[in-house]
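The values are calculated or read from the model by the stated rules, or taken from the named source; none is laboratory data. Quantities reported herein were computed from a predicted structural model and do not represent experimental measurements. Every residue, glycine as well, gets a Cβ built from its backbone with ideal geometry; the counts of neighbours run over all protein chains shown.
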């Protein structure tokens, strides 16, 4: 497939984010094992979401032009954000189950 250089750059960036998200999602799930669904798609969404949220918040706090998101600090911040997303999901799931139980 012959793509323009701009399109090839976007494809490379998307694949890099997906790969980084998989690593982040796997680390977060291994540090916080639980009962939530554990599919490939869920792990990718968790990792990419954690990476996006964590790196966005870190870039707001750090305010540096020389920040590399795919580095050790970026990985650490991304895993923390993914763990926060997992904990929030578990909290909301517990509230939903409690509400369903109260309806019966």
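Only one of 81, 88, 102 is touching a helix residue (DSSP H, G or I) at 6+ places or on another chain (Cβ under 6 Å) and on the phi < 0 side of the Ramachandran plot. Can you tell me which?
Among 81, 88, 102, only 81 is touching a helix residue (DSSP H, G or I) at 6+ places or on another chain (Cβ under 6 Å) and on the phi < 0 side of the Ramachandran plot.
If you take the residues of region 30-59 that are in a loop (DSSP other than H, G, I, E, B) and exposed (fewer than 13 other Cβ atoms within 10 Å of the Cβ), which of them is modelled with the lowest pLDDT?
Filtering first and then ranking leaves 37.
So which residues in region 60-83 are assigned to a helix (DSSP H, G or I) and buried (at least 16 other Cβ atoms within 10 Å of the Cβ), if there are any at all?
Passing the criteria: 74, 75, 77, 78, 79, 80, 81, 82, 83.
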